[in-house]
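First up is the structure itself, then whatever we jot down about it.
The values are calculated or read from the model by the stated rules, or taken from the named source; none is laboratory data. Just so it is clear, the structure is predicted and the values come from calculations on it, not from any experiment. Here the Cβ positions follow ideal geometry from the backbone for every residue, glycine too, while neighbour counts run over all protein chains shown.
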Amino acid sequence: MSALVEIKGLTKHFPIKGGLFQRQTGSVQAVTDVSFSIKKGETLGLVGESGCGKSTLGRCLIRLLEPTSGQIFFEGKDITNLKGEALRSLRRKMQIIFQDPYASLNPRMTVGSIISEPLEIHRIGESKRDRINRVQELLEVVGLRKEAAFRYPHEFSGGQRQRIGIARALAVQPELIVCDEPVSALDVSIQAQVINLLMDLQQKFGLTYLFIAHDLKVVEHISTRVAVMYLGRIVEMAESEELYKHPQHPYTQALLSAIPVPKVGGKKQRVILTGDVPSPVNPPSGCYFNPRCPIADGGCKVTQPELLTTRPQHETRCLKVSAQL
């Protein structure tokens, strides 16, 4: 399978300004030197703690945010510096499902207007009747009644609102959808329904997902491959089954050890991390994870490790793991 999306050395730093003349006094290093590709039809899961840069990376990928440096390729074409009409045309192929189903829908618009808006922007449908038919078709695809088109967002539950957000993303028939923690704000019972809907839609329409989430069990269920982020960098990436069975990086091992398991079958060894996540304004020298790492030594405080292949189809950013090869 060919790569639908490829990013090379993507970096996004937000300037911090202060003083009388608002000069730049520092920067928030949200994403630093990230590279990966997503094949057509697959789901790349992106996991990590809050504030590690997951959502920023997703927004840079679809050009909602301008990257500080690096390149973004879509279908082999460099889209990093696209502007105006060229960027608008690209947006038809790349959509996003937002985390908060309450804040992402305009409360003053009917559901029909919300879903038909992208159709009007991209001039899809020859007439208003065509767009209405398309909206009703989309509502049925995501498991809602046609009559929902005439109601307002406040009349729906959180799970139903997220289905509306999914319908809006599907309206322009995109190839890539960034799912930015689409189930984290929903009840557990509803999460499974939305995840299953996303998987069904992927099969039906041949969609490609970048799936951003906190819940590692959800990511394992839906993802083809998984990338683990820490403080703006990818620290491990592998096929989903491989990563969950053979985690290499100490941070990944700690995350996986925190997943609750049934008591039947004995206890699982917990890995407890000490300290807090360092500030992205002033990250530590050497390996960013070294202040919290249970196996770090003096070299880890000096050298920033590269993302290297440590097992077949498995990349890890860790000096200690690389030294064992």
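Only one of (1) part of a helix (DSSP H, G or I); (2) touching a Pro at 6+ places or on another chain (Cβ under 6 Å) is not met by ASP130, so which one is it? So the condition that ASP130 fails would be (2). Scanning the stretch 134-145 for residues that are under 26 Å from VAL188 (Cα atoms) and part of a helix (DSSP H, G or I) turns up LEU138, LEU139, GLU140, VAL141. Taken over the stretch 102-141, residues that are crowded, with 18+ Cβ neighbours inside 10 Å and out of contact with any Ser or Thr (no Cβ under 9 Å at 6 or more places or on another chain) amount to 12.
Within the stretch 297-311, being part of a loop (DSSP other than H, G, I, E, B), free of Cβ contacts under 8 Å to residues at least 24 places away in the same chain and not charged (D, E, K, R) holds for VAL302, THR303, GLN304, PRO305. So how many residues does the stretch 66-102 have that are assigned to a loop (DSSP other than H, G, I, E, B), under 18 Å from the mean Cα position of the chain (by Cα) and not charged (D, E, K, R)? Total satisfying the criteria: 4. Restricting attention to the stretch 1-25, the residues that are without any contact (Cβ under 8 Å) to a residue 40 or more places away in the chain and touching an Asp or Glu at 6+ places or on another chain (Cβ under 6 Å) total 0.
For first residues located in the stretch 167-179 and assigned to a loop (DSSP other than H, G, I, E, B), partners that are crowded, with 20+ Cβ neighbours inside 10 Å and polar (S, T, N, Q) and lie 6+ apart or on another chain with Cβ distances below 8 Å form the pairs ALA171/SER116; VAL172/GLN95; PRO174/GLN95; GLU175/THR208. Inclusion of GLY26 among residues that are at pLDDT below 95 and either among the charged types (D, E, K, R) or part of a strand (DSSP E or B) (or both) is warranted.
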